[in-house]
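For reference, the structure is listed below as structure tokens.
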Number of protein chains: 2
Amino acid sequence: MAAPAPEASEAGTLHEQIVNKLRAVLLNGELADGARIPEAQLCLRFGISRTPLREALKVLAAEGFIELRPNRGSIVAPIDPVEVGHLFEMKGTLEQMIGRLAAVRATAEDAARIERAHAALASPPEPAAYTALNQEFHRALALATHNPVLLQSYDNLQKRVLRLRFVVNENPQRVLESFGEHEGIMVAFRARARLDLAERLEEHNRLTGEAVRRTLKGESA
Amino acid sequence: MAAPAPEASEAGTLHEQIVNKLRAVLLNGELADGARIPEAQLCLRFGISRTPLREALKVLAAEGFIELRPNRGSIVAPIDPVEVGHLFEMKGTLEQMIGRLAAVRATAEDAARIERAHAALASPPEPAAYTALNQEFHRALALATHNPVLLQSYDNLQKRVLRLRFVVNENPQRVLESFGEHEGIMVAFRARARLDLAERLEEHNRLTGEAVRRTLKGESA
DNA sequence: CGGGTCATTTTTGAATGCAAAATGTCGTCC
DNA sequence: GGACGACATTTTGCATTCAAAAATGACCCG
């Protein structure tokens, strides 16, 4: 229903809103990796004082987006290539779980949402939108598991990985491949073939992870 | 102060210490489910003001231990039997992952730690200690994956499940069974049989989850 | 005697203020 | 000319304070 949200903003508690806005700032790449978090500036921008902002900082630190250095300010958590491997490894496991559960538990409504998300990816209006639509698709599958614990963990991982999207998006070759894999995923989903679906999702994740690592390596080289 | 807990107290940032102490209070069951969090009291007890305490509250809310009700205070997140199922489902997936990875990646040091933890369980000094030793054992396996992302997620789940320990501990029958399953787990681990280890861990988790659900149902009935 | 309204108290959420720590600047000395 | 150290500035972390919202209770009226 609602928004693929260009910016998560109006939902839930005020505290949650701040957390979301702050996370959006980080995900948008407005702040370079390792950059100091400009508390004062963000307070101005959000029209709040330091107290609620710092509460949000602590939460985002716990989520892994920010690094808290005692008495020396917070910085944007730098992207560590080793950790990227760990993130994808974890995500692969969750994808498998999602595949097995979604195949069994998806309601008609879930299926419709998944189909819709998949269809939207067939003709992405622009490359920049691809990432958001892609996330929408995978999230629709995660929703179909009807396991909120899994969903939350998966969401968090997705967002952490999202920080790397700029290195993925720019590869049209990989985008094409990715859509092909989605087609396969949909075949398995429509057949409600749980093991096949799980395997395809895991493989898809693995390939994406490899593409990311390749690009990261290429950049740093 | 009757805090025998040799655990989470003096480590890391002051902020982290507060989070840990507060989480310990919740895990110790000092506050009933759904009970209001007595901010003022905890401030006194920890010798801090409300600002850092509230930062910790937000973090614990994000971790799922506390429920934040706008303008109406925070409460201890009530245990929802349905969510317990979701927690164990998720934990089962992670256990599988742990099994597959630990079998392959465990160093000699990891193996030693795992053996030690297992041996400690053979003759638990008292039933009350069983839970802690049990967690130690499973955590040792998680450590052997050398994936910090997985470890953090697993730790969080363990702690959330830990809130239910009182319903598990009191079943000596289940404790015996559990140790038997651990024996099998060790056989698979020593042989570095990744698929076998994964399956045994998952099965062990499933059985534990069922025992918890049974007890929960018995209580509410 | 019960139900409802309004004032009082308590609690919550956020802004401000303050002490300590870190950072940056500049002068001095080698 | 460069390195070191004292001083000023900024930033951080926390306590305190303040306004608004909810809980409590007193009172009135039917």
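The values are calculated or read from the model by the stated rules, or taken from the named source; none is laboratory data. Predicted, not measured: the structure shown is a model, and the values here were computed from it. All Cβ positions, even for glycine, are placed from backbone atoms using ideal geometry, and neighbour counts span all protein chains on display. The area values use the complete protein model at the heavy-atom level, side chains included, leaving out ligands, DNA and RNA. Shrake-Rupley method; radii C 1.70, N 1.55, O 1.52, S 1.80 Å.
Worth a mention:
- Under 20 Å from the Cα of A:Lys159 - lysines, other chains or at least 8 residues apart: A:Lys21, A:Lys58, A:Lys91, B:Lys58
- Cα gyration tensor shape for the stretch B:138-211, rounded if a/c is under 1.5, else prolate or oblate: oblate
- Solvent-accessible area buried by pairing A with B, both sides, nearest 100 square angstrom, 1.4 angstrom probe: 2400
- Share of carbon and sulfur in the accessible heavy-atom surface of the stretch B:14-76 [1.4 Å probe, %]: 47
- Computed accessible area, A:Met97, all protein chains, 1.4 angstrom probe, square angstrom: 0
- Across the identical copies, the 7 Å label point of A:Phe46, projected outward along Cα→Cβ, sits 2.0 nm from its counterparts, in ascending order.
- When all protein chains stay in place and ligands, DNA and RNA are ignored, the 1.4 Å accessible-area order of B:Arg190, B:Arg36, largest first, is B:Arg36, B:Arg190.
- A crude spin-label estimate for the pair A:Asn156 and A:Phe46, with each label 7 Å from Cα along the Cβ direction, gives 1.9 nm.
- Within a Gaussian network of chain B (alpha carbon springs, distance under 10 Å), most fluctuating of B:Arg45, B:Arg100, B:Arg206: B:Arg45
- In the protein assembly as shown, a dipole from Cβ-located charges (positive for Lys and Arg, negative for Asp and Glu) runs towards its positive end, and of B:Phe46, B:Thr107, B:Gly85 it is B:Phe46 whose Cα lies farthest in that direction.
- Rounded, prolate or oblate (a/c below 1.5 giving rounded, otherwise prolate when a/b exceeds b/c) for the stretch A:14-76 by Cα gyration tensor: rounded
- For chain A: rounded, prolate or oblate by the Cα gyration tensor [a/c cutoff 1.5]: prolate
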